[in-house]
Amino acid sequence: MTASSRPFLRLVALAALSTSACSTAVSRELPPRNLIVMIADGAGVGHWTLARSSREELAVREFPVAGLVDTRGHDHVVTGSAAGATSLSTGTRTFVGAIAVGPDSTHLETVLEVAKRQGMGTGLVTTASIADATPAAFAAHAVSRAEQVSIARQMIDLPVDVVMGGGRRVFEIAGERVGVDLWAQAAERYEIVESLTELEVVDTDSETALLGIFARGAMPPAAERSPSLATMTSVALDILDNRPEGFFLMVENEGTDTEAHRNAERDVLVAEMLDFDEAVRLALDFHRRVPETLVVVTADHETGGISLAAGEGRMDTLQYATGGHSAAFVPLFAVGPGAERFGGLKENREVGELLLEAVRR
């Protein structure tokens, strides 16, 4: 264990054993009105240790509850985004590539669908394509994450109230290969924006259905991304906060996974982690304004086998064990009503079960 990793690991261990009196009091007095789930795709303990080495005051340090998540799937130890996100969205472990279907391929109701059925607002914000595995697992059903046209159609047909990310190419493919004008169908249900300028003029007080598509595929790396994950999160929160029955919102940074797959240089991966933490800060601030909001921050799996090791001159160096995924546990942070239930070591399916309970009225 390196010196730079010890403070973060102590934070996880201590927070997993205790919660703040203030948060616990809120948990006992108020049922969760809103649920915000934030996923740093592929981000394990090493990713957060790296982020902490670059910024002392991370938003997640202010969460009173922390724990670790075992990310394995139904028939595998090293999972992927589809199966990992499905465990979080449905409370069920499944096979690699599955989108909100069980081991027998039957459809499973997701936490977003439960929220929608009960009249709550719903939102998905991602830096990936909107039809990529993680957002898909909350709003669609498929035996393969590759079925992106079907996934996008299901999101729009549901419809999810607020959807933002990349994925313009999915709409093009729908026309080229399936003969469906998915863009026209979306325009019937949503106000569509395609740039930061257009997003900035959205009237969040009156808007009820917003689709933001800001890239042909996945959005660019954090240093080039426009709008930022924090900006998209802020707009989504402003729109969904108008819903009298509360809301469910999932926010994902895909870049934490993508750059780890690439074994990117330290500053690139740090930028992705800090970009995500800025979005987490917005969710935490929202919780402080609306205490009946439960915020859960975690990951679907770990990518890269990341660690910080001692280098020359006592300088720590970023090291990768793989260009793929690993079976390493991932951190979880929680604040708000019921947050204390997320502490300690949990299986990903247990986290999903708790999320479902949080939105059931």
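Odds and ends about this structure:
- If you go through the stretch 344-355 and keep only what is in a helix (DSSP H, G or I) and either closer than 15 Å to residue 73 by Cβ or open to solvent by less than 10 Å² (accessible area, probe 1.4 Å) (or both), you end up with 348, 349, 350, 351, 352, 355.
- Consider the stretch 283-293 and keep the residues that are open to solvent by 10 Å² or more (accessible area, probe 1.4 Å) and assigned to a helix (DSSP H, G or I). The one that is nearest to residue 89 (Cα to Cα) is 287.
- Residue among 270, 296, 280 that is aliphatic (A, V, I, L, M), buried (at least 24 other Cβ atoms within 10 Å of the Cβ) and assigned to a helix (DSSP H, G or I): 280
- Pairs where the first residue, in the stretch 184-208, is under 14 Å from residue 162 (Cβ atoms) and aromatic (Phe, Trp, Tyr) and the second is at pLDDT 95 or above and surrounded by 14 or more Cβ atoms within 10 Å (Cβ to Cβ), C-beta under 8 Å, 6+ apart: 190/156; 190/159; 190/163; 190/209; 190/210; 190/211
Every residue, every condition in (1) without any contact (Cβ under 8 Å) to a residue 24 or more places away in the chain; (2) within 17 Å of residue 326 (Cα to Cα), yes or no:
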residue	(1), (2)
41	no, yes
63	no, no
74	no, yes
84	no, yes
103	no, no
117	yes, no
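- When residue 205 is tested against (1) among the acidic types (Asp, Glu); (2) surrounded by fewer than 16 Cβ atoms within 10 Å (Cβ to Cβ); (3) farther than 23 Å from residue 233 by Cβ, only condition (3) is not met.
- Scope the stretch 318-337; condition in contact (Cβ under 8 Å) with a residue 40 or more places away in the chain and in a strand (DSSP E or B); matching residues: 318, 325, 326, 330, 331, 332, 333, 334, 335
- Of the residues making up the stretch 89-98, one or more are over 17 Å from residue 356 (Cβ atoms) and among the aliphatic types (A, V, I, L, M).
For every residue, the table says whether it meets (1) at pLDDT below 95; (2) assigned to a loop (DSSP other than H, G, I, E, B); (3) in contact with a helix residue (DSSP H, G or I) (Cβ under 9 Å, 6 or more places away or on another chain); (4) surrounded by fewer than 24 Cβ atoms within 10 Å (Cβ to Cβ).
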{"residue": "23", "(1), (2), (3), (4)": "yes, no, yes, yes"}
{"residue": "39", "(1), (2), (3), (4)": "no, no, yes, no"}
{"residue": "79", "(1), (2), (3), (4)": "no, yes, yes, no"}
{"residue": "82", "(1), (2), (3), (4)": "no, no, yes, no"}
{"residue": "85", "(1), (2), (3), (4)": "no, no, yes, no"}
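- Meeting the requirement of 2 or more residues that are in contact with a Leu (Cβ under 8 Å, 6 or more places away or on another chain), under 25 Å from residue 297 (Cα atoms) and open to solvent by 10 Å² or more (accessible area, probe 1.4 Å), the helices (runs of 4 or more DSSP H) wholly within the stretch 89-177 are 111-117.
The values are calculated or read from the model by the stated rules, or taken from the named source; none is laboratory data. All values reported here derive from a predicted model rather than from experimental measurement. Quick reminder, even Gly has a Cβ in these numbers, built from the backbone with ideal geometry, and neighbours come from all protein chains shown. Heavy atoms of the whole protein, side chains included, go into the accessibility calculation; ligands, DNA and RNA do not. Shrake-Rupley method; radii C 1.70, N 1.55, O 1.52, S 1.80 Å.
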